[in-house]
Amino acid sequence: MKTAFVGKGGSGKTTLSSLFIRHLAACGAPVIAVDADINQHLGAALGLDETVAAGLPAMGDHLPLIKEYLRGSNPRIASAETMIKTTPPGEGSRLLGVCEDNPVYDACARPVELDGGAVRLMVTGPFTDADLGVACYHSKTGAVELCLNHLVDGPDEYVVVDMTAGSDSFASGMFTRFDITFLVAEPTRKGVSVYRQYKEYARDFDVVLKVIGNKVQGPDDLDFLRAEVGDDLLVTVGHSDWVRSLEKGRPPRFGLLEEANRHALHLMRSAADATYELRDWDRYTRQMVHFHLKNARSWGNERTGADLAAQVDPDFVLGDTVTTSA
């Protein structure tokens with residue numbers, strides 16, 4: 001299952017995504033964790049030393065390799081240079097599996113040992129001084145979107161993406177690449193404002209959106225969230241001494257996480273697992289093509305000097321296994 005964590009800055013989305021990743025790993029599930037937030041904190045939240053986390057290979061730095069590998073022998077893609085972040089796969093493209101080894105993972109993924117198992121961690125890379133004034137940070141996350149377009153995952157396999165804060169993910173089609181989106185919201189007016197934006201933007205794309213109420217201190221906070229988000233509220237999380245110890249650099253064994261918070265993580269996994277039966281690969285592929293054509297018209301054709309609409313394979317449908325349809 002492809003799972004996104006979103007929310008306003010400071011809502012706790014990175015902390016909750018890291019707890020969810022630890023929970024999955026403790027259950028023995030294969031996990032690819034992706035830090036797609038330009039403020040790179042997921043590595044540290046998973047227990048990496050800050051120096052080690054800062055030294056993780058940036059996906060953006062390996063974009064030529066990623067494009068060349070994913071292009072494969074697809075005859076509709078003239079060269080890797082003509083691929084953009086939304087380029088969809090077609091006949092001959094190479095796809096990524098969660099558990100396999102491939103050159104993309106060799107270059108961009110690093111194993112993170114957790115006390116319940118291990119996960120593969122990939123990061124977009126930080127916004128650097130060299131990018132100031134010459135680059136849009138959405139170009140950094142383009143490598144993530146391209147990989148998601150070419151990634152197939154089956155039941156009990158997980159891709160967990162810590163997204164950029166706020167509603168900026170709507171600047172591309174990446175918000176449609178997930179089976180479920182967990183929106184982390186505090187029980188405040190600002191806390192639920194991003195929820196309203198997501199709900200509005202995503203309503204025409206069948207995005208499964210569930211709210212995780214964070215920093216909930218009592219019945220009044222719970223009543224507020226229920227009134228603001230209704231049935232989209234999945235579960236709430238309160239204070240955690242375990243998380244406070246983690247933030248101090250002294251995380252206890254994950255098995256010592258508070259019972260209430262372990263239960264919340266269990267409900268989140270159950271919600272993610274339930275979306276597997278809802279998968280519509282035809283719709284998923286159509287959305288991929290929709291945003292690719294939109295990007296091609298608005299900037300891609302001019303940028304690459306090619307007609308990127310020609311990259312679309314009308315007979316190709318992405319799936320758990322590759323299928324075709326007329």
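Hey, any idea what % of the chain's accessible area is carbon plus sulfur with a 1.4 Å probe?
Working: 7260 of 14400 Å².
Percent of accessible area from carbon and sulfur atoms in the chain: 50.
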For H290, net neighbour charge (Lys/Arg +1, Asp/Glu -1) across residues whose Cβ lies under 13 Å away: +2
Over 22 Å (Cα to Cα) among K67/K199; K2/K210; K13/K248; K8/K85; K190/K215; K67/K210 -> K67/K199; K8/K85; K67/K210
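May I ask what percent, to the nearest 5, of DSSP beta bridges between residues of the chain are antiparallel? Don't jump to the answer; show the numbers that get you there.
Values: 7 of 37 bridges.
Restricted to the chain, the bridges split so that about 20 percent are antiparallel.
Using alpha carbon coordinates only, what is the Rg to Rh ratio of the chain, with Rh defined as the Kirkwood radius? Walk me through the numbers on the way to the answer.
Details: Rg = 19.3 Å, Rh = 20.2 Å.
My calculation puts Rg/Rh at 0.96.
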Please work out how much accessible surface W299 shows to a 1.4 Å probe, ignoring ligands, DNA and RNA, in Å² rounded to 10. 70
Can you tell me the length gained on complete extension of the stretch H266 to R94, counting 0.36 nm per residue apart and subtracting the Cα distance? 58.6 nm
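Can you tell me the relative contact order of the chain? Whole percent, Cα pairs under 8 Å, sequence separation 6 or more. Don't skip to the answer; put the middle values down first.
Working: 580 pairs, mean separation 85.2, N = 326.
So the answer I get is 26 percent.
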For N301 and D115, compute 0.36 nm times the residue count separating them, minus their Cα-Cα distance, and round to one decimal in nm. 62.2 nm
One checks the Cα atoms of region 1-52 and finds Rg and Dmax, in Å, of 11.1, 31
Order these peptides, 81-92, 243-254, by their mean beta-carbon neighbour count within 10 angstrom, highest first. 81-92, 243-254
For the residue pair Y201 and W281, what label-to-label distance in nm results when each label sits 7 Å from Cα along the Cα-to-beta-carbon direction? 2.9
Starting with the highest mean, order 143-153, 260-270 by the number of other Cβ atoms within 10 Å, averaged over the residues of each peptide. 143-153, 260-270
Just the accessible area per residue of region 1-59, please: how many Å² with a 1.4 Å probe? 29
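If R0 is 45 Å, what FRET efficiency do you get for A78 and L222 from their C-beta distance, rounded to 0.05?
Values: r = 56 Å, r/R0 = 1.23.
Computed FRET efficiency for A78 and L222: 0.20.
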May I ask you to compute the full-extension gain from K190 to N102, defined as 0.36 nm times their residue separation minus their alpha-carbon distance, rounded to one decimal in nm? 27.5 nm
Hey, what number do you get for the chain at 222 nm if only DSSP H runs of n ≥ 4 count, each worth -39500 (n - 2.57), divided across all residues, to the nearest 500? -10500 deg cm²/dmol
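The values are calculated or read from the model by the stated rules, or taken from the named source; none is laboratory data. It should be emphasised that the depicted structure is a prediction, and the values quoted were computed from it without experimental measurement. Glycine also receives a Cβ, built like all others from the backbone with ideal geometry; neighbour counts cover every protein chain displayed. For the accessible areas, the whole protein counts, side chains as well, though only heavy atoms, and no ligand, DNA or RNA atoms are used. Shrake-Rupley method; radii C 1.70, N 1.55, O 1.52, S 1.80 Å.
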